[in-house]
Amino acid sequence: MLSETRYERNPDFIYRKIVDESVLVPIHHDVADMDCIYTLNGMGAFLWERLAQPATQAELEAAVLVEYDADLEVLVTDLEKFLVEMTTIGALRKG
Amino acid sequence: MDCPTLDELYLDEWSTGLLAKLRGRRYPLSGMFELTDRCNLGCVHCYINQPATNQAARDSELTTSQVKKILDQLVEAGCLFLTFTGGEVLLRSDFTEIYQYARQLGILVTIFTNATLLTPRIADLLAESRPRLVEVTLYGATRETYEKVTGVAGSYDRCMRGIDLLVERNLSLNLKSILLSINLHELPAMRAFAEQRGLDFRYDGLLWPRLDGCAKPFDYRLSLQELLALDDGNPERQAEWERIAASYSGQALRAEYVFSCGAGLQSFHIDSTGKLSICTMARHPAYDLNRTTFNEAWERLGDLRKLKREKTTICQTCTLGGLCSQCPGWSQSVHGDNETPVEFLCELAHFRAARVKECIM
């Protein structure tokens, strides 16, 4: 059963579209990571936009399944990794 | 990071990939934004500085809201890297507001400053939302030389304090110098100063005439021999010239187009009144961003890239292009047109080519 935890964007990460790339620019950041930038693929950018409103993993999973015609297991795994990594870097917060 | 939807990349690596993807297509990825022409120092060589109290210069500057409006448009157009420069940016009482606004938009900001007006409060603010880089200019390694250049008593101590404030907060900081006849002898000491603090240091020895046409900076210019000696004393610099010479060997880089450099391809310049030009030194033509949108002005700048040479000059057949600093900016500054060669640069390129040839033979 999926958690009821809601994920929300950290406003200290700014989403930018540069050329055809979707990137997250941290505006408050640890010194060690100042030389880094985060890039999102199509699904990552879709999820970020979807997270304009806080959402649970189940809600995000439902949105992804509507948007993408791909293997269910792969989509779910990718979503889980997205949430873990985005939370780890601080771009998403658990509400 | 093992995640197909998210990747963490080094900025330099990512930028290189992005530029490769653009394959020469115009895109306003980075820019210089002069927030003021005014400066609290009176450096003898400066191409732009107006006195801090110059009311006319102050009145012509963009207002805070005008700057913000331009920043909004830059972000809309895709600009990621922006350098705030002057004059001295910290002379503007709204600098921190402008800086924070740019950061909130997701712009990666570099700041050029003399550091003399830095306060703990400003340094704290920078530490909270870090600039990509702060570059501080050193005008000398000693109080005597530094202030001989700046003309302001007490400026050396204030610069040292400013550097300390940045270092204490572990901000990304580089030092640089412009070499003049009156500070050249302190180059080793300036380099050592940077090394002692673990900071990168770069320098340049070419002086531009003032934007108002005054050639006074040339009174402090290094001789050709002194400029060449800088290369001799710096193996990395010499190796870079050798690499450039090999890369462009036999090519007449300035044969056809006025702009053979990268100006206006992925970069732009905005002056303190809001005029957009192709680069910092080639300021004509320029388009007023108070009257036209950035995107419209950027498109019009693109026409400059298509300009073909009209004058017959030695540059068209010259194959030393990679070793020569000649560009439309230099021609505009010295001769008031885009193409007339600047004799000093021509001589320097020929001497440099001869030196490179000696080194590789």
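A few comments on the model shown:
- Scan of the range B:222-275 for residues that are part of a loop (DSSP other than H, G, I, E, B) and among the polar types (S, T, N, Q), ordered by number: B:SER223, B:ASN234, B:SER249, B:GLN251, B:SER260, B:GLN266, B:SER272, B:THR273
- Sole exception among (1) of a type outside the set (Gly, Ala, Ser); (2) assigned to a loop (DSSP other than H, G, I, E, B); (3) within 23 Å of the chain's Cα centre (by Cα) for B:THR312, by number: (3)
- Number of the exception - B:ASN114 against (1) in contact with a helix residue (DSSP H, G or I) (Cβ under 7 Å, 6 or more places away or on another chain); (2) open to solvent by 20 Å² or more (accessible area, probe 1.4 Å): (2)
- Search result, residues across the range A:6-19 that are more than 8 Å from chain B (Cβ to nearest Cβ) and either assigned to a loop (DSSP other than H, G, I, E, B) or within 13 Å of B:LEU80 (Cα to Cα) (or both): A:ASN10, A:PRO11, A:ASP12
- The set of residues from the range B:205-221 being assigned to a helix (DSSP H, G or I), crowded, with 18+ Cβ neighbours inside 10 Å and either under 19 Å from the mean Cα position of the chain (by Cα) or of a type in the set (Val, Ile, Thr) (or both) comprises just one member, B:PRO217.
- Across the range B:1-21, the number of residues qualifying as among the polar types (S, T, N, Q) and facing another protein chain (nearest Cβ under 7 Å) comes to 1.
- Residue count for the range B:19-35, restricted to those that are open to solvent by less than 40 Å² (accessible area, probe 1.4 Å) and either assigned to a strand (DSSP E or B) or more than 19 Å from B:CYS261 (Cα to Cα) (or both): 5
- Residues of the range A:54-95 that turn out to be more than 9 Å from chain B (Cβ to nearest Cβ), in a helix (DSSP H, G or I) and of a type in the set (Phe, Trp, Tyr), as a count: 0
Okay, residues lined up against (1) part of a loop (DSSP other than H, G, I, E, B); (2) under 12 Å from B:THR116 (Cα atoms); (3) at pLDDT below 95:
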site: B:VAL136; (1), (2), (3): no, yes, no
site: B:ALA141; (1), (2), (3): yes, no, no
site: B:ARG161; (1), (2), (3): no, yes, no
site: B:LEU165; (1), (2), (3): no, yes, no
site: B:ASN174; (1), (2), (3): no, no, no
site: B:LEU180; (1), (2), (3): yes, no, no
site: B:ALA189; (1), (2), (3): no, no, no
site: B:ALA194; (1), (2), (3): no, no, no
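- Subset of the range B:337-361 (residues that are free of Cβ contacts under 8 Å to residues at least 40 places away in the same chain and in contact with a His (Cβ under 9 Å, 6 or more places away or on another chain)): B:PRO341, B:VAL342
The values are calculated or read from the model by the stated rules, or taken from the named source; none is laboratory data. Since the structure is predicted, the reported quantities are computational estimates derived from the model, not experimental observations. Note: ideal-geometry Cβ built from the backbone for every residue, glycine included; neighbour counts use all protein chains shown. Side chains included, ligands, DNA and RNA excluded: accessible areas come from the protein's heavy atoms. Shrake-Rupley method; radii C 1.70, N 1.55, O 1.52, S 1.80 Å.
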